[in-house]
Amino acid sequence: MMEIIFYLTGGMEVEGYICMTCGVQYEPSEREPESCPICEDERQYVNPEGQKWTTLQSMKKEGRFQNKWVEEEEGLYSVKTDPGFAIGQTAYFIKQESGNVLWDCLTYLDEESIQKIKKLGGIHAIAISHPHYYSACIEWAEEFDAKVLLHENDRHWVQRGSNFIQYWKGQSFPIHKNMILHCLGGHFPGGTVMEWREGNEGKGILFSGDILQVAPDQDWVSFMYSYPNMIPLPAEKVKAMAMQTEEMKFDRIYSAFRRIVKKEAQASVKRSAKRYIAALDGSLFSGDRKS
């Protein structure tokens, strides 16, 4: 069991403030942070009404939030806060004999989720795709004594440090034999996806966050430097990301907003990259695009 540190001032526990736009929790402090560097970055945005903060305790006192669980398929649950908060991403809980994994994370952690996770066997590791979904991962880690796996390339975006965080380097990192993290970069230098080789009845599942974002038709994916600001990635980077996925085993993709490429997902990534690159070089619109 790792040591959990409580921050006390005048006998009162000091909470970590949470940015209401991105949902990331900051180091416990008596006063609100001056700004949110994650939202001020060009991949995110500051609320036009101004920077606003809350705390987990305040969210609980409001009494309107709850985490909704859906069993997507055997051994896999999606989890989403309702009503939506901040970016509104979906997290995924994967039940494994070798240790349960939470993919990406949520800001809100309610008692119902705590009890459900305990019944399912707890959490061994929390793996997160990129800084926009760091959320309140330390709250979750402390509750379940779980390590938080973050890519070294994005270390400087961490706003709340902890001994629970384990940084990894390079292009891949095995959580278990059949569950592997891969750094594709793109949206962030440490942008990560997770390959679950045993999922989907052995055909494989890729959890993509929005490193690969599933399109509304759920047949295509896209690649972006910034989604809210609509800044694309360069062609060579998209090509490299798509080529890297060819070495993985998956036939289905679950993305950050519960959009799912249900079958032939590897082919979807390949043709999506080809279309994206064709749009960048103009051939998609000129009639010169090759099939």
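List of remarks:
- Sequence of D104, D219 when ordered by accessible area, the most exposed leading, probe 1.4 angstrom: D219, D104
- N47-W220 FRET efficiency (beta carbon distance; Förster radius 35 Å; 0.05 resolution): 0.70
- Nearest-10 value in Å² for the accessible area of H182, using the 1.4 Å probe: 20 Å²
- Rounded accessible area of S29 (nearest 10 Å², 1.4 Å probe): 40 Å²
- Ranking by accessible area, most exposed first, for D210, D82 with a 1.4 Å probe: D82, D210
- Only DSSP H runs of four or more residues enter the estimate; each adds -39500 (n - 2.57), and after division by the residues of the chain the mean residue ellipticity at 222 nm equals -5500 deg cm²/dmol.
- As a length-normalised measure over Cα pairs under 8 Å and 6 or more apart, the relative contact order of the chain settles at 13 percent.
- The residues of region 45-155 have, on average, 40 Å² of accessible surface per residue, using a 1.4 Å probe with all protein chains present.
- For the chain, DSSP calls about 75 percent of its internal beta bridges antiparallel.
- Candidates I117, C137, Q89 compared by Cα position along the dipole of region 51-137: farthest toward the positive end lies C137, with charges placed on Cβ.
- For the chain, the share of accessible area belonging to carbon and sulfur comes to 47 percent (1.4 Å probe, ligands and nucleic acids excluded).
- Computed over the chain, Cα set: Rg, Dmax in Å: 19.1, 70
- Of G170, G23, G209, the one that fluctuates the most in a GNM where the chain has Cα springs shorter than 10 Å: G170
- Gain on full extension, evaluated as 0.36 nm per residue between Q66 and D145 minus their Cα-Cα distance, stands at 26.2 nm.
- Region 157-266 has equivalent-ellipsoid semi-axes of 21, 20, 13 Å, by the square roots of 5 times the alpha carbon gyration tensor eigenvalues, sorted largest first.
- Accessible area ranking (1.4 Å probe, heavy atoms, ligands and nucleic acids excluded), largest first, for L56, L280: L280, L56.
- Accessible area per residue for region 192-232 is 38 Å², calculated with a 1.4 Å probe on protein heavy atoms, without ligands, DNA or RNA.
- Charge tally for E264 (other residues, Cβ to Cβ under 14 Å; Lys, Arg +1; Asp, Glu -1): +3.
The values are calculated or read from the model by the stated rules, or taken from the named source; none is laboratory data. Note that this is a predicted model, so its numbers are computed, not measured. Every residue, glycine as well, gets a Cβ built from its backbone with ideal geometry; the counts of neighbours run over all protein chains shown. Surface areas here come from the heavy atoms of the whole protein model, side chains and all, with no ligands, DNA or RNA. Shrake-Rupley method; radii C 1.70, N 1.55, O 1.52, S 1.80 Å.
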